[in-house]
Amino acid sequence: MPEESTTVEPELIPVPELEPELELSPQIIIEQTEAIDSSMSDLAQNLSGWIGNQHWVPDSLNHSLAVLTLFLGMLAVSAAIYLVFRPLVLRWVKRLVGQSNATWDNELMGHGVFRWLTHLLPGVFIFLVTPGLFESTPTLEKVLRTSSALYILISLYFIFDSVVNALQAIYSATPSGRKINITTFAQVAKLLAALVVIVLSLAVILGKSPLVLLGGFGVFASVLMLVFKDVILGFIAGIQLATNRMLALGDWLEMPSYQADGNVELIGLTTVKVRNWDKTVTTIPTYALISDSFKNWRGMSESSGRRIKRNFQIDTNSIRLCDEQMLEGFREIEHISAYLDAKEKEVEQANSKIDNSRLSNRVNGRRLTNLGTFRAYIEAYLKAHPDINQKMTLLVRQLATEGRGLPIEIYCFSANKEWNAYESIQADIFDHLYAVASEFGLRIFQEPTGYDCREVVSPK
């Protein structure tokens, strides 16, 4: 008989079941909390039973001594967490931050984010172990649990505050952060967080839901609007200042209505602090920067020059037509020889159309004046000046006279925007012009002084 063929089925290798990943769900948190309560309750009962078995302890003191022991033990563990474990954690975090190449963690460390995070450790410990340890003394349990909850809320607020400060410092170091100020938004966030913490703290103390307290705040809405009027106005103004880039930290602000003239040091929720040039400090309501006018010198700082706009008066009695002798003397002056050549050709061409008999009168025809030549010299002098920005507006013009001489205004831009250098450049230019005006036969106008009056009364 032919042998029957047998098929060998492959052996199935059992696959071990994968354990589900640990998820931090609310149900797990509740279960862990109940487990802690159960463990602490067992610890309290065991301690109470052990003390009850001691013959030297009176029965009337068993419970009190057990509660006192648990309380002191809880305080000792909390103190160990705060004084021993907390510094070790901070030292470890500081070492990790020092080894990191990132800069944001340095800001978090510098503003105390990790320091306030470690403050949660003793508070959370007391909050978790209190219900189980002091289950037999509800009053003490409620006091300790409420106190630890308040401590946790305060720590959470300071954590939020330090995080906001760190984020603000990180953002301020970026290019956009140097242009847009977010201090107002940061202060509003801190204010809202403080209100939330206050509501939650009241809810913890009173033992009521925060929603009940928030519902009651509607009655005081008008009072809150009145109390926080400046805060609300400052917040709206801060948004407009930031979005429109009207003002930023470090800007030169000039606001005569508040006697402010200096650098902006702080843009807060309700006030703007200005450090004046005389080192005094002026505080301006934030909303006043929207309702009133002010001058921001940022445009000058961002431009390539700082404006020089100043005039001096020429005595009109010294203005005259130039003769040949004056023109020969002017030719020896630097910067204007080319101007004189071009002007003389232009004048000669214009006068060629007039009869020679009429040219004998100097009123007829065109003539150069010492004032016009002086203006040409000033313009040429400024164009050759190394500290004047030649790519920006440069002009020398006459202004309308007001009976005190003829004003000649200089309008140009200094290449150096630094205040001290700018003032030196401006002073040097006008020192030179005052000194050389007499070389053009001109006199600078000034009011009569006591010396002039004495010279008229008793001449030497």
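FYI, it's all coordinate maths here, none of it is from the lab. These numbers come from a predicted model, not from an experiment. Here the Cβ positions follow ideal geometry from the backbone for every residue, glycine too, while neighbour counts run over all protein chains shown.
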Query raised in the report: Which net charge results when you count Lys and Arg as +1 and Asp and Glu as -1 among the other residues whose beta-carbon is under 11 Å from that of residue 204?
Result: +3
**Report entry** Gain on full stretching of the segment that runs from residue 438 to residue 369 - 0.36 nm per residue minus C-alpha separation
**Finding:** 23.4 nm
Requested in this report: Sort 94, 417 so that the residue with the fewest other Cβ atoms within 10 Å of its own Cβ comes first and the one with the most comes last.
Outcome: 94, 417
Query raised in the report: What Kirkwood hydrodynamic radius do you get for the range 26-173 when you take the inverse of the mean 1/r over all pairs of distinct Cα atoms, in Å?
Result: 17.7
Query raised in the report: Under 5 Å between amide H atoms, partner at least 5 residues away or on a different chain: which partners does residue 272 have, H built in plane at 1.01 Å?
Result: 284, 286
Requested in this report: Can you bin the range 222-327 into rounded, prolate or oblate? Criterion: square roots of the alpha carbon gyration tensor eigenvalues sorted a ≥ b ≥ c, rounded for a/c under 1.5, prolate for a/b above b/c, oblate for the rest.
Outcome: prolate
Query - Dipole of the range 79-158, positive end: most advanced residue of 123, 151, 106 [Cβ charges, Cα centre] - result: 106
